[in-house]
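The values are calculated or read from the model by the stated rules, or taken from the named source; none is laboratory data. Nothing here was measured: the structure is a model prediction, and the numbers come from that model. A quick note on method: Cβ atoms are made from the backbone with ideal geometry, for glycine too, and the neighbour counts reach across all protein chains shown.
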Amino acid sequence: MTQLKTAIIKNKICALPFMHMHISGQAVNPCAPFGKPIGRITTTDPVTVWRNQDYRKLRKDWLDDTPPEPCTNCVENLNDYKKLQSLRFLNSGVLDGLNLEDLDPLYPRSLIFDGFDNYTDFAARTSSPFFDSKLHDLMSTNSTLRKFLPLGQFNLTDRSLPDDILDGLIPHLNTLSLPGCDAMTSPKIQILIAKLVNATNLKTLFLYSNLNNLNLNTLNTLSLLNNIPKKILTVFLDGDKNIHEYIFHGSKFDTFVDNLKTIKNNFPQLTLKFTTNITAYNIGRIKNILDTTLYLKQELNTHIGFNEIRPGPIPSFIHPATLPQSLKNLYLTDLNSIDLTPYTTIKYSGQLVSIAKNTLQQNSTAHFDDFLHYTLAFDSATDTSYQLLYPELMTYMTELLNRPEELPTIIHDSTTTNNLTSIDPNQPNFGYF
Ligand code: SF4
């Protein structure tokens with residue numbers, strides 16, 4: 001008998017096809033970077049997809065040392081999502097006792113479901129209408145903005161999945177993560193939480209919120225789920241008050257802070273963490289993010305740190321790599337001058353800076369015009385302006401306005417990806433959900 005754990009360590013097999021399922025909208029993948037759906041839950045349930053021929057072939061290919069084409073990027077970049085997530089599985093103990101001969105396991109142990117709901121009470125520039133109902137609404141009435149994101153491709157109505165879609169999986173899950181759902185505003189969340197009461201295998205539940213609103217019912221129920229040892233509420237922090245409110249149009253930073261305090265004071269069973277999307281909108285303000293985190297740490301009087309730091313690839317033209325080289329140089333100089341000493345009590349503050357530097361060293365400047373057009377379109381749709389927040393962008397914007405041209409056709413590619421050079425398994429979840 002060969003232990004799966006041993007095979008993963010010795011042969012550098014990716015653990016995800018054996019353990020993990022990522023449902024995005026209706027598409028099922030072994031992970032976010034895989035890209036190519038391995039099944040769809042429109043036509044079948046997730047358990048059937050998990051056992052389908054393609055999933056089995058993926059596992060077999062890995063065991064035969066012939067990983068499929070979508071895995072090539074991971075294989076070539078040894079310090080990557082595959083390695084990080086595989087190590088997480090190894091460390092979590094969910095692989096213990098599983099033998100290669102037992103493979104083709106009947107259920108995934110870990111699930112990320114970002115199609116659970118899409119109710120948000122702001123319109124995020126760093127999102128797509130696929131994940132953001134308010135942005136979807138905004139785009140429905142603004143034809144210029146609509147040019148930039150694939151509204152037609154993603155119909156939110158199609159994402160309204162039956163409430164029982166997860167029922168077959170829940171009893172078997174060790175980890176459940178719902179990044180495509182604001183736990184504080186989702187009408188579906190209470191139904192889900194009621195189902196989780198009997199999920200005796202579930203050890204970790206990740207919920208997300210922008211904390212623009214607080215649903216105390218949800219928090220009360222959540223804190224009573226004694227069967228789940230780790231309940232993590234991850235909140236989005238992309239900048240100081242001004243940047244935060246600019247990126248998440250419709251959000252209120254003061255409300256966010258008040259709600260953080262309420263959670264900290266009343267629900268000690270919940271772990272609070274931050275997630276930060278590093279984009280062209282905040283790459284030049286990383287020190288502000290650190291200062292804001294320090295301020296929140298003092299206000300909350302608690303340990304706090306980053307759980308997820310990811311270069312925001314959706315839409316791809318807001319990735320920091322899209323900026324012109326002169327701006328990137330300016331931002332790199334700022335990043336290099338950050339003295340991390342005041343932030344040593346903030347977990348992963350150093351990683352925030354190093355990931356920011358890393359993203360600036362990538363090159364995707366061909367998309368910069370799209371970033372500018374998108375920013376102007378978003379500003380126009382929301383009656384906001386980049387000018388006060390990003391004076392360093394003025395020159396480029398002026399150039400753009402002086403050479404009016406056709407708006408670009410929709411650009412929606414995945415060429416700009418997180419491509420880190422060093423990952424520590426003890427670091428937070430970089431790159432993808
Ligand atoms: S190697 Fe990468 S793309 Fe392939 S299944 Fe693993 S994490 Fe996903």
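Table: residues versus (1) closer than 21 Å to Ile23 by Cβ; (2) modelled with pLDDT under 70.
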position: Arg109; (1), (2): yes, no
position: Phe113; (1), (2): yes, no
position: Ala123; (1), (2): no, no
position: Pro129; (1), (2): yes, no
position: Asp137; (1), (2): no, no
position: Phe154; (1), (2): yes, yes
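Within the set of pairs 6+ apart or on separate chains, which have a first residue in segment 57-70 that is in the same structural domain as Cys31 (by TED's automatic domain parsing), a second that is surrounded by 15 or more Cβ atoms within 10 Å (Cβ to Cβ) and β-branched (Val, Ile, Thr), and C-beta atoms under 8 Å apart?
What qualifies is Leu58/Ile38; Trp62/Ile13; Leu63/Ile13.
Answer yes if at least one residue in segment 404-417 is part of a loop (DSSP other than H, G, I, E, B), in contact with a helix residue (DSSP H, G or I) (Cβ under 7 Å, 6 or more places away or on another chain) and modelled with pLDDT of 85 or more, and no otherwise.
no
Sort out which residues of segment 339-353 are surrounded by fewer than 18 Cβ atoms within 10 Å (Cβ to Cβ) and not charged (D, E, K, R), and write them in order of number. Full working, then the answer.
Quick first cut of segment 339-353, residues surrounded by fewer than 18 Cβ atoms within 10 Å (Cβ to Cβ) only: 339-342, 344-345, 350.
Across segment 339-353, the qualifying residues are Leu340, Thr341, Pro342, Thr344, Thr345, Gly350.
Scan segment 33-55 and give yes if some residue there is modelled with pLDDT under 85, of a type in the set (S, T, N, Q) and farther than 24 Å from Gly180 by Cα, otherwise no.
no
Restricting the first residue to segment 121-139 and requiring it to be touching a residue at least 60 places away in the same chain (Cβ under 8 Å) and over 19 Å from Leu214 (Cα atoms), which pairs with a second residue that is assigned to a loop (DSSP other than H, G, I, E, B) and of a type in the set (S, T, N, Q) meet a Cβ separation below 6 Å and a spacing of at least six or different chains?
Cβ pairs passing all conditions: Thr126/Thr279.
Just one of (1) more than 15 Å from the ligand (Cβ to nearest atom); (2) at pLDDT 80 or above; (3) in contact with a Lys or Arg (Cβ under 9 Å, 6 or more places away or on another chain) trips up Glu69, so point out which.
Among (1) more than 15 Å from the ligand (Cβ to nearest atom); (2) at pLDDT 80 or above; (3) in contact with a Lys or Arg (Cβ under 9 Å, 6 or more places away or on another chain), the lone unmet condition for Glu69 is (1).
Taking segment 7-36 only, how many residues are in contact with a helix residue (DSSP H, G or I) (Cβ under 9 Å, 6 or more places away or on another chain) and outside any helix (DSSP H, G or I)?
First, the residues of segment 7-36 that are in contact with a helix residue (DSSP H, G or I) (Cβ under 9 Å, 6 or more places away or on another chain): 7-9, 11-23, 25-26, 28-36.
Filter once more, keeping what is outside any helix (DSSP H, G or I): 12-15, 20-23, 25-26, 28-36.
Adding up the residues that qualify gives 19.
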